[in-house]
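In what follows, a single structure is set out as structure tokens and then discussed.
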Amino acid sequence: MLTMLGIVLGVGSVIVMLAIGEAARFEAVQQIQQLGAVNIIVRSVKPSDDGKDVPDQWLLAYGVTRADVDRLCTTIPTILNATPQREFRKDIRHDAQKLEARVVAVLPTYQTMNGLKIISGRFISQTDNDRFDNVVVLGAETAEVLFPLQDPVGRSVCIDDKYYYRVIGVTQTRSSTAGGSSSLSSQNNNRDVYIPFDTDRVRNGEVLVYFKAGTITFERLQVSQVTIEVDRMENVQKTAELIRGTLEQFHPRKDYEIVVPLELLERAERAQRVFTLVLGAIASISLIVGGIGIMNIMLATVTERTREIGLHRALGAKRRDIAWQFLVETVTLSSTGGFLGVCLGLGLSHAVTQLFALPTILRAWSTVLAFGVSAVVGLVFGVYPALRAARMDPIEALRRF
């Protein structure tokens with residue numbers, strides 16, 4: 001058991017490390033896939049000059065406009081659909097319950113293009129947008145805070161202490177998704193509230209007012225983000241270049257950024273693959289240490305069983321018989337340790353999930369790989385002791401009697 005302990009711990013640690021790495025890779029890929037593999041995201045960003053070269057310094061105008069959206073859809077044939085949105089943070093209130101949430105003004109196509117699921121009520125319709133209706137869809141966390149004991153559908157909430165909106169739906173809980181920026185900043189969609197895009201334009205206008213540290217800031221922003229759907233995945237990169245070339249003509253201050261989720265997906269998969277390999281390599285060191293331990297024990301066994309080896313050779317055993325005998329013993333030790341290590345790894349993976357709330361994903365290939373490596377380690381580190389036993393002089397061995 002002491003001989004096998006290194007192999008047991010090595011196999012167990014390899015399985016746990018690979019399970020954690022696989023879970024991290026899966027979560028990162030899922031976050032980016034929510035943005036859509038055939039989508040291109042264009043976000044408005046504040047220019048670095050902060051409007052210092054603009055004549056009206058009290059008003060900072062930047063970002064993508066509705067004219068830009070129409071221009072892209074009419075000039076680039078590979079674009080199937082484009083859904084603009086505008087977002088800002090405001091206080092949302094219902095009776096005594098209040099919280100700060102991200103208000104997102106969207107079109108009906110936003111739900112499909114962003115994979116948003118509704119668990120109660122419905123999403124914003126084209127009729128709501130055309131009639132400038134004061135309707136709102138609440139994120140799961142927002143609905144829970146504002147309506148802890150009630151069904152929010154059909155009730156009203158007040159946004160920014162100005163306008164009341166009737167709740168028509170509640171979204172399903174979503175994991176934090178990668179933001180639209182290239183930095184992949186996490187974004188909690190469960191605190192969002194969604195209102196019709198044209199309703200926001202009519203009620204709030206194009207100028208946003210912010211109060212910070214006793215100062216008032218005015219910003220003109222028509223569109224915060226545009227999610228563009230491309231006809232085929234093969235055309236995503238080409239379409240992104242066309243979008244960049246079109247916007248450069250009308251936005252010399254670079255007040256926008258283009259994010260291609262397909263690129264982020266490929267980059268995340270590569271990074272997580274390397275991360276998993278590193279974890280597996282670190283854990284594999286334990287297997288090598290275990291193999292060295294087995295080799296040391298088998299070398300000591302060869303010395304202790306010198307008389308036995310001499311007796312076998314005297315009775316007609318050949319060198320290959322002695323070599324196979326010790327090699328089989330070594331592989332049996334490592335394989336048994338590998339089996340116990342697999343059991344330990346499965347148990348530890350479950351314990352990590354239960355005790356530390358860390359997600360783990362067990363793949364069949366990781367278990368087979370860890371067990372196979374343990375068997376190979378036993379075979380490699382058992383060759384030298386087996387050859388040493390086989391090359392022993394039977395006459396010298398018999399003198400030990």
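The values are calculated or read from the model by the stated rules, or taken from the named source; none is laboratory data. Remember, predicted model here, so these are calculated numbers, not experimental data. Cβ placement follows ideal geometry from the backbone for every residue including glycine, while neighbour counts extend to all protein chains displayed. In case anyone asks, the SASA skips ligands and DNA or RNA and just uses the protein heavy atoms, side chains included. Shrake-Rupley method; radii C 1.70, N 1.55, O 1.52, S 1.80 Å.
Scanning the range 228-255 for residues that are among the β-branched types (Val, Ile, Thr) and modelled with pLDDT of 90 or more yields 228, 239, 243, 246. Residues in the range 129-145 include at least one that is assigned to a helix (DSSP H, G or I), among the β-branched types (Val, Ile, Thr) and open to solvent by less than 60 Å² (accessible area, probe 1.4 Å).
Close Cβ contacts (under 7 Å, 6 or more residues apart or on different chains) running from residues in the range 271-299 that are within 15 Å of residue 341 (Cα to Cα) to residues that are surrounded by fewer than 17 Cβ atoms within 10 Å (Cβ to Cβ) and not acidic (Asp, Glu) comprise 291/380. Exactly one residue among 356, 339 is of a type in the set (Phe, Trp, Tyr), out of contact with any Lys or Arg (no Cβ under 9 Å at 6 or more places or on another chain) and at pLDDT below 85, and that residue is 356.
Inside the range 60-90, can you point out the residues that are at pLDDT below 90, open to solvent by less than 30 Å² (accessible area, probe 1.4 Å) and part of a strand (DSSP E or B)? Once the filter is applied, which keeps residues that are at pLDDT below 90, open to solvent by less than 30 Å² (accessible area, probe 1.4 Å) and part of a strand (DSSP E or B), the range 60-90 yields 60, 88. Counting the residues of the range 4-59 that are crowded, with 20+ Cβ neighbours inside 10 Å, of a type in the set (S, T, N, Q) and either part of a helix (DSSP H, G or I) or at pLDDT below 80 (or both) gives 2. Among the candidates 309, 258, 282, 361, the residue that is outside any helix (DSSP H, G or I) and modelled with pLDDT under 85 is uniquely 361.
Taken together, 289, 236, 193 contain a single residue that is touching a helix residue (DSSP H, G or I) at 6+ places or on another chain (Cβ under 9 Å) and in a strand (DSSP E or B), which is 193. Scanning the range 210-229 for residues that are within 35 Å of the chain's Cα centre (by Cα), open to solvent by 50 Å² or more (accessible area, probe 1.4 Å) and not aromatic (Phe, Trp, Tyr) gives 212, 220, 229. Scan the range 286-295 for residues that are open to solvent by 30 Å² or more (accessible area, probe 1.4 Å) and either at pLDDT below 80 or within 21 Å of the chain's Cα centre (by Cα) (or both) and the total you get is 1.
Looking across the range 367-397, the residues that are surrounded by 15 or more Cβ atoms within 10 Å (Cβ to Cβ) and closer than 12 Å to residue 306 by Cβ come down to 388, 389, 392, 394, 397. Filtering 122, 93 for residues that are more than 26 Å from residue 69 (Cβ to Cβ), open to solvent by 20 Å² or more (accessible area, probe 1.4 Å) and among the basic types (Lys, Arg) leaves a single hit, 93.
Could you check, for the range 315-322, whether at least one of its residues is surrounded by 19 or more Cβ atoms within 10 Å (Cβ to Cβ) and more than 22 Å from the chain's Cα centre (by Cα)? Yes: one or more hits. Residues of the range 110-119 that are assigned to a loop (DSSP other than H, G, I, E, B), surrounded by fewer than 17 Cβ atoms within 10 Å (Cβ to Cβ) and not charged (D, E, K, R): 115 alone.
Residues that are among the aliphatic types (A, V, I, L, M) and without any contact (Cβ under 8 Å) to a residue 12 or more places away in the chain: does the range 331-344 have at least one? No, the conditions are met nowhere in the range 331-344.
Residue 316 meets each of the listed conditions (1) over 30 Å from residue 27 (Cβ atoms); (2) part of a helix (DSSP H, G or I); (3) of a type in the set (Gly, Ala, Ser) apart from (2). The numbered conditions (1) open to solvent by less than 10 Å² (accessible area, probe 1.4 Å); (2) among the acidic types (Asp, Glu); (3) part of a loop (DSSP other than H, G, I, E, B) are all true for residue 151 except (1). Answer yes or no as to whether residue 164 is open to solvent by less than 50 Å² (accessible area, probe 1.4 Å) and either closer than 23 Å to residue 226 by Cβ or modelled with pLDDT of 85 or more (or both). In short, no.
Mind checking whether some residue in the range 198-208 is of a type in the set (Val, Ile, Thr), modelled with pLDDT of 90 or more and open to solvent by 10 Å² or more (accessible area, probe 1.4 Å)? Scanning the range 198-208 turns up at least one residue that is of a type in the set (Val, Ile, Thr), modelled with pLDDT of 90 or more and open to solvent by 10 Å² or more (accessible area, probe 1.4 Å).
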